[in-house]
Amino acid sequence: MSKTHERIRDSQMRYKKGLGQNFLYDENLLRVLVEAAGITEEDDVLEIGPGAGSLTGPLCEKAHRVLALELDERLIPLLTAFTEKYDNLDIRQGDVMSVNLPELTSGLRRPFSVVANIPYYITTPLITLLLSGDLPIRRLALMVQKEVADKVLSAPGEEGWGPLAVRCRYLCEPRLAMEVPASCFTPPPKVDSAFLLLPVREKPAVDVRSEEDFFRVVGAAFALRRKTLVNSLAASLRLERGEASALVENAGLDPMIRGERLSLDDFARLSDAWTRAKEAAR
Ligand code: SAM
């Protein structure tokens, strides 16, 4: 049993399942994850959910500076004790979904990296929040459910292709670093996991006239699965059916196509058609 494992066990902590508390304890695996995340002494890192600090230590050893944000107050003393030897660590208590992240991270070198074994109950909203464009992020390196990694890595027309995959591909170049079996965590989660790398592109994968319209069109296209794109757009963007058909036609798409078959280029043409139609109507 590793020191990290003993420490988590000896803390007699009662895991809060509701907070996605599945801790990593294999010291070799933790070092491999930090290596795979590509963290160097140039990097400042935001760690979300440091828990008892298993990943925090190896991060502090590699990074220039680490800012660790943990929701569970009970874990803060344990985390503080375990990481007291690191003078490049700043521990904060708070909820990543409601803190002011731009303000919290304003002291970090920019762009900074986000590395985390994230609580799975907030996976999609958290990735969406981090990739909302408000934060100067160089890359995300995240432990997620394997199913989520499969989604993010899926291609147009595949089952997982949806708003999350489109956002990740539009802004990042997603890669799988490794799969991690449930047995590597304590307590083991019900699902296998994967360490997903999302290096942020210098500029998005496709040019669009309005990013806001792009993401609204993407959401609308996937809103009614197994319906045609025209029907989905009409219902979700509150358009007349004729207006939705005209957009699809102006984007050079088959009127019978379904939203889940669209590529990034297709979405860009469709959202530009919508932006132009709104501009013309003003
Ligand atoms: N990093 C540790 C590790 O790898 O062993 C713990 C990872 S555990 C999967 C997720 C951590 O996120 C827990 O410590 C949990 O308390 C924390 N957490 C859950 N919800 C959070 C939130 N909304 N904001 C910040 N931390 C949160």
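The values are calculated or read from the model by the stated rules, or taken from the named source; none is laboratory data. Given the structure is predicted, the values throughout are model-derived calculations rather than measurements. Every residue, glycine among them, receives a Cβ derived from its backbone with ideal geometry; neighbour counts consider all protein chains shown. For accessibility, only protein heavy atoms count, side chains too; no ligands or nucleic acids. Shrake-Rupley method; radii C 1.70, N 1.55, O 1.52, S 1.80 Å.
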Taking Cα atoms only, helix 264-281 is inclined relative to the longest principal axis of the chain by an angle, in degrees rounded to 10, of 60
Note the full-extension length gain between Arg276 and Glu73 as 0.36 nm times their separation in residues minus their Cα-Cα distance, in nm to one decimal.
68.1 nm
In whole percent, what relative contact order does the chain give with Cα contacts below 8 Å and a gap of six or more residues?
14
Sulfur and carbon atoms: percent of accessible area, the chain [1.4 Å]:
47
Of Cys184, Cys60, Cys168, the one that fluctuates the most in a GNM where the chain has Cα springs shorter than 10 Å
Cys184
Once you sort the root eigenvalues of the Cα gyration tensor of region 86-208 as a ≥ b ≥ c, which label holds: rounded (a/c under 1.5), prolate (a/b larger than b/c) or oblate (the other case)?
oblate
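Rounded to the nearest 0.05, what FRET efficiency is calculated for Tyr121 and His64 with R0 set to 41 Å and r the Cβ-Cβ distance?
Efficiency, rounded to the nearest 0.05: 0.85.
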Accessible area in the full protein assembly, largest first, 1.4 Å probe, for Arg139, Arg65
Arg65, Arg139
Taking one equal scatterer on every alpha-carbon of the chain, how large is log10 of I(q)/I(0) by Debye at q = 0.11, 0.14, 0.17 1/Å?
-0.68, -0.96, -1.26
Please list 3J(HN,Hα) in residue order for region 174-189, calculated via the Karplus relation 6.51 cos²θ - 1.76 cosθ + 1.60 where θ = phi - 60°; whole Hz, with x for glycine and proline.
x, 9, 8, 7, 5, 8, 10, x, 4, 5, 7, 10, 10, x, x, x
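Show me the ranking of peptides 36-44, 99-107 by mean Cβ neighbours inside 10 Å, starting with the highest.
Result, highest mean first: 36-44, 99-107.
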Determine the shape class of region 211-281: with a ≥ b ≥ c the square roots of the Cα gyration tensor eigenvalues, call it rounded for a/c under 1.5, and otherwise prolate if a/b is greater than b/c, oblate otherwise.
rounded
What do you get for the angle between helix 27-36 and the principal long axis of the chain? Use alpha-carbon atoms, 0 to 90 degrees, nearest ten.
40
Give me the extension gain from Arg225 to Ala246: residue separation times 0.36 nm, minus the current Cα-Cα distance, reported in nm with one decimal.
5.5 nm
